[in-house]
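Here's the structure we're looking at; comments come further down.
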Amino acid sequence: MAQTPPLNTPRRLPEGELPLAVQNKVGAFLLQPSRKVNFRCRTCDSVRAHPYYEDPGYPGIELLRCADVNLNCGVPVRVDGLRESPNEFVPGSLVLVKKEGIPWPAIVEFSIDDIADYFLQRDWRSPPHAYYITFIGERGPRTGGWYQKMCLKGLHPVDLNVPTHDQTLQNARRLCANYLTPPYCSLRRRFRDLAYACSRVQLPIVPDVPQPERFEEV
Ligand SMILES: [Zn+2]
């Protein structure tokens with residue numbers, strides 16, 4: 001009998017092998033080419049590709065200006081047909097999710113949009129409108145669950161500086177800091193390094209392509 005897991009509740013993740021369909025999806029995701037995030041400049045209103053970041057769930061992307069990413073409003077957009085990226089989470093997005101009341105770093109493993117039929121609970125047939133996240137840096141077995149968007153907050157480097165006496169939390173933040181500061185790495189790389197699903201399957205080796213620093217300027 002299919003059982004709907006509770007939303008917004010962390011659960012211990014299963015130890016067993018992931019279903020083959022899931023393994024295939026993880027592999028397919030890792031083989032996708034990197035995608036740029038496009039943003040609309042608040043000063044000149046142009047839509048431009050972010051020169052090095054590719055996570056549309058990164059907080060504040062809707063507030064960006066060309067100058068924030070070392071671009072110049074005066075330079076014409078060279079690629080036609082760019083569209084603003086929707087501000088949503090994708091596999092590899094780093095987020096904060098409350099765990100026992102404490103905002104804890106987590107990674108989005110799967111979103112409803114692209115690989116919604118991924119599920120760690122194999123007898124569950126109709127996913128809710130939510131993201132599957134797993135917590136990062138936990139001691140012992142990892143936990144995760146389906147969370148609604150309102151329960152997730154994009155992880156910003158300033159969140160990593162909030163004082164804490166919890167050594168495990170501090171370690172989790174330190175781990176995430178590597179992925180949120182230059183040199184930026186791809187979503188796939190984060191996914192491969194941090195996602196629970198990736199720790200359960202044999203993975204294709206996909207090297208990160210270095211990101212150009214000043215993408216739109218000659
Ligand atoms: Zn601009």
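Bear in mind that the values in this text are calculations on the coordinates, not laboratory data. These numbers were taken from a predicted model, which means no experiment stands behind them. Note that each Cβ is placed from the backbone with ideal geometry, even for glycine, and that neighbours are counted across all protein chains shown.
Out of SER85, SER46, I need the residue that is among the polar types (S, T, N, Q), in contact with a strand residue (DSSP E or B) (Cβ under 9 Å, 6 or more places away or on another chain) and either within 15 Å of the ligand (Cβ to nearest atom) or farther than 30 Å from LEU96 by Cβ (or both). Which one?
One residue alone meets the criteria, SER46.
Consider PRO33 against the criteria (1) in a helix (DSSP H, G or I); (2) without any contact (Cβ under 8 Å) to a residue 24 or more places away in the chain: it satisfies all of them except one. Which criterion is unmet?
(1)
I'm checking my understanding of the structure. Among residues of segment 27-43 that are more than 13 Å from the ligand (Cβ to nearest atom) and among the basic types (Lys, Arg), which one is nearest to TYR196 (Cα to Cα)? If you could, list the steps in order and put the result at the bottom.
Residues of segment 27-43 more than 13 Å from the ligand (Cβ to nearest atom): 27-37.
From the residues that got through so far, the ones that are among the basic types (Lys, Arg) too are 35-36.
Working: ARG35: 22, LYS36: 24 Å.
This residue is ARG35.
Could we say that GLY27 is assigned to a loop (DSSP other than H, G, I, E, B) and out of contact with any strand residue (DSSP E or B) (no Cβ under 6 Å at 6 or more places or on another chain) here? Before the answer, list the steps.
On the way: assigned to a loop (DSSP other than H, G, I, E, B): no; out of contact with any strand residue (DSSP E or B) (no Cβ under 6 Å at 6 or more places or on another chain): yes.
No: the conditions fail for GLY27.
Which residue pairs have Cβ atoms closer than 9 Å, lie 6 or more positions apart in sequence or on different chains, and pair a first residue in segment 54-69 that is under 9 Å from ASN87 (Cβ atoms) with a second residue that is within 14 Å of the ligand (Cβ to nearest atom) and part of a loop (DSSP other than H, G, I, E, B)?
These pairs meet every condition: TYR58/HIS50; ILE61/HIS50; GLU62/ARG42; GLU62/GLU84.
So, of the residues in segment 47-59 that are part of a loop (DSSP other than H, G, I, E, B) and in contact with a helix residue (DSSP H, G or I) (Cβ under 9 Å, 6 or more places away or on another chain), which turns out to be surrounded by the most Cβ atoms within 10 Å (Cβ to Cβ)?
Filtering segment 47-59 for residues part of a loop (DSSP other than H, G, I, E, B) gives 50-59.
Next cut, in contact with a helix residue (DSSP H, G or I) (Cβ under 9 Å, 6 or more places away or on another chain) only: 50-55, 58-59.
Numbers: HIS50: 22, PRO51: 18, TYR52: 19, TYR53: 19, GLU54: 20, ASP55: 25, TYR58: 21, PRO59: 17.
Taking the candidates together, the pick is ASP55.
Among the residues of segment 59-100, what is the count of those that are among the small types (Gly, Ala, Ser) and closer than 22 Å to ALA195 by Cα? Working first, answer last.
So the first thing to find is which residues in segment 59-100 are among the small types (Gly, Ala, Ser), and the list is 60, 67, 74, 81, 85, 92-93.
Add one more test, that the residue is closer than 22 Å to ALA195 by Cα, and what stays is 92-93.
Of the residues in that region, 2 qualify.
So VAL77 clears everything in (1) touching a helix residue (DSSP H, G or I) at 6+ places or on another chain (Cβ under 9 Å); (2) surrounded by fewer than 18 Cβ atoms within 10 Å (Cβ to Cβ) except one condition, right? Which one?
(1)
Among residues belonging to segment 21-46 that are of a type in the set (A, V, I, L, M) and buried (at least 16 other Cβ atoms within 10 Å of the Cβ), point out the one that is nearest to ARG83 (Cα to Cα).
Start the filter on segment 21-46 by keeping residues that are of a type in the set (A, V, I, L, M), which leaves 21-22, 26, 28, 30-31, 37.
Filter again for buried (at least 16 other Cβ atoms within 10 Å of the Cβ), leaving 22, 26, 30, 37.
Working: VAL22: 30, VAL26: 27, LEU30: 24, VAL37: 9 Å.
If we take residues in segment 21-46 being of a type in the set (A, V, I, L, M) and buried (at least 16 other Cβ atoms within 10 Å of the Cβ), then VAL37 is nearest to ARG83 (Cα to Cα).
I'd like the full set of residues that are in a loop (DSSP other than H, G, I, E, B), in contact with a Lys or Arg (Cβ under 8 Å, 6 or more places away or on another chain) and more than 7 Å from the ligand (Cβ to nearest atom), limited to segment 60-70.
Restricting attention to segment 60-70, the residues satisfying the condition of being in a loop (DSSP other than H, G, I, E, B) are 60, 64-65, 70.
Remaining after also requiring in contact with a Lys or Arg (Cβ under 8 Å, 6 or more places away or on another chain): 64-65, 70.
The answer is LEU64, ASN70.
Filter segment 177-188 down to the residues that are touching a residue at least 24 places away in the same chain (Cβ under 8 Å) and either closer than 18 Å to GLY57 by Cβ or crowded, with 21+ Cβ neighbours inside 10 Å (or both) and list them by number.
Within segment 177-188, the subset touching a residue at least 24 places away in the same chain (Cβ under 8 Å) is 179-184, 186-188.
Within segment 177-188, TYR179, LEU180, THR181, TYR184, SER186, LEU187, ARG188 qualify.
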